[in-house]
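The values are calculated or read from the model by the stated rules, or taken from the named source; none is laboratory data. Keep in mind that what you see is a predicted model, and the values were worked out from it rather than measured. Backbone-built Cβ (ideal geometry, glycine too); neighbour counts: all protein chains shown.
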Ligand code: HAM
């Protein structure tokens, strides 16, 4: 019979990789918590309407990437392609936005029907932060500083920050017309995608990856040159905050992002180390979205990190090769030895809670078990045969140096393990 395989673009995260995910998750929890952000867990499925209204009808995500289906009541539902819209919906629904500020974070799977390639998947994971009720540039700066601190807590370097301002909704509307006129004047040079976007979403033409379009895109008028005065001041303030903290960035006037809800600040963190999918984090301000989804007008700003891409960087650095190896390998042989293994291991787990103990009490002799102990990466083997079991002792063998084997029990056994495993006990 043919084996059933996973759905294309949806990956298993295997036990070799999970230590890197744990590292990322733990550090993210620590850093986000240290800035006063609290976790929210919205459901993975929402009404399709939520994403249509927030992300925008004429975006790649809504036009062709959503996993939408009708449930048994005929209602159109969608596996979330991102979580900003869900956070806004949840914050409105639970009255979290009335006369208060909220700093929220989330972590979990997102779904987009994209063409899978390295770094781009159909089920992928994000860690995101969304803050509500704070209109100033200091919040945008905080989000960038917080992401930078996460990179340094993970030992990652070489990530670059790009920032831009998309101005107010009104400035965007004026700019859209300017841009449409510009691209209309060069209609012959536009590729098919851009022609389709010309009247619906000309800003997205700036995001074109088609090399043939680059010259035209580079020469296009820039929104940054015609910002409304308040957005201009907001952008200057953002730069002052970042400069004041010594956070390096590059102003990229072509940075437009793939979702329609942004106003003013947008930003992205990128790396050269991941090939074509170099964006590891993207975000920005979306002051209009809460009202568009039916809440009271509330300023907001946030970002989301692509976890697969960060994990790929961590794996390439190989920081964690022995993260989940056992520390102690109990090699029990014979009937009495076998039955003594669990009582011994349970008592050690009680006394040494930080210690990872693996019990091998099944078939096989000492030789095979010691070979397996060595291969497991354990630091110590505890050898338990019928003889040791009858005497209530165990032979302690250090696997990573030449210390002589000793037969011990009770407190001296614990002391020997503490000495051999100073960091874990
Ligand atoms: P986004 O730029 O669509 O923004 O996604 C953020 C990050 O998720 C990307 O930079 C990338 O690292 C990762 N990502 C996106 N699509 C995929 C994929 N198919 N496979 C692997 N990784 C992917 C948002 O989602 C916004 N909600 C961010 C935001 C929050 N803006 C304001 N608040």
Q. Is there a residue being more than 25 Å from residue 310 (Cα to Cα), in contact with a helix residue (DSSP H, G or I) (Cβ under 7 Å, 6 or more places away or on another chain) and surrounded by 18 or more Cβ atoms within 10 Å (Cβ to Cβ) anywhere in segment 40-49?
A. yes
Q | Tally of residues being touching a strand residue (DSSP E or B) at 6+ places or on another chain (Cβ under 6 Å) and either in a loop (DSSP other than H, G, I, E, B) or surrounded by fewer than 23 Cβ atoms within 10 Å (Cβ to Cβ) (or both) across segment 272-281 | A | 3
Q: Just name the residue that is farthest from residue 421 (Cα to Cα) out of those in segment 356-381 that are in contact with a helix residue (DSSP H, G or I) (Cβ under 7 Å, 6 or more places away or on another chain) and in contact (Cβ under 8 Å) with a residue 40 or more places away in the chain.
A: 381
Q. Residue 343 fails exactly one of the following numbered conditions: (1) under 20 Å from residue 398 (Cα atoms); (2) free of Cβ contacts under 8 Å to residues at least 40 places away in the same chain. What is the number of that condition?
A. (1)
Q: Given the conditions (1) assigned to a helix (DSSP H, G or I); (2) within 15 Å of the ligand (Cβ to nearest atom), report the number of the one that residue 302 does not fulfil.
A: (1)
Q | Residues of segment 77-89 that turn out to be near the ligand (Cβ under 10 Å from one of its atoms) and more than 13 Å from residue 111 (Cβ to Cβ), as a count | A | 4
(Q) Any residue at all in segment 97-111 that's more than 10 Å from the ligand (Cβ to nearest atom), surrounded by fewer than 18 Cβ atoms within 10 Å (Cβ to Cβ), under 26 Å from residue 208 (Cα atoms) and touching a residue at least 60 places away in the same chain (Cβ under 8 Å)? (A) no
Q: Working carefully through the options 149, 115, 103, find the one that is farther than 19 Å from residue 23 by Cβ, at pLDDT 95 or above and out of contact with any strand residue (DSSP E or B) (no Cβ under 7 Å at 6 or more places or on another chain).
A: 115
Q: Would you mind finding the one in 208, 194, 157 that is under 17 Å from the mean Cα position of the chain (by Cα) and at pLDDT below 95?
A: 157
Q.
If residue 49 meets every condition in (1) assigned to a helix (DSSP H, G or I); (2) within 20 Å of residue 283 (Cβ to Cβ) apart from one, which number is that one?
A. (2)
Q. Which of the residues spanning segment 258-271 are more than 8 Å from the ligand (Cβ to nearest atom), at pLDDT 95 or above and either in contact with a helix residue (DSSP H, G or I) (Cβ under 8 Å, 6 or more places away or on another chain) or not in a strand (DSSP E or B) (or both)?
A. 263, 264, 265, 267, 271
Q) For segment 277-334, which residues satisfy the criterion of being more than 27 Å from residue 145 (Cβ to Cβ) and free of Cβ contacts under 8 Å to residues at least 12 places away in the same chain? A) 291, 318, 321
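Name every residue in segment 76-96 that is surrounded by fewer than 16 Cβ atoms within 10 Å (Cβ to Cβ) and in contact with a strand residue (DSSP E or B) (Cβ under 7 Å, 6 or more places away or on another chain), in order of residue number.
76, the sole residue that qualifies.
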Q) If you take the residues of segment 112-144 that are surrounded by fewer than 16 Cβ atoms within 10 Å (Cβ to Cβ) and not in a loop (DSSP other than H, G, I, E, B), which of them is nearest to the ligand (Cβ to nearest atom)? A) 117
Q) Residues in segment 245-257: is at least one under 26 Å from residue 27 (Cα atoms), in contact with a helix residue (DSSP H, G or I) (Cβ under 8 Å, 6 or more places away or on another chain) and within 14 Å of the ligand (Cβ to nearest atom)? A) no
Q) Given the conditions (1) at pLDDT 95 or above; (2) within 16 Å of the ligand (Cβ to nearest atom); (3) in a helix (DSSP H, G or I), which single one is not true for residue 30? A) (2)
Q) What single numbered condition from (1) within 13 Å of the ligand (Cβ to nearest atom); (2) in a helix (DSSP H, G or I) fails to hold for residue 92? A) (1)
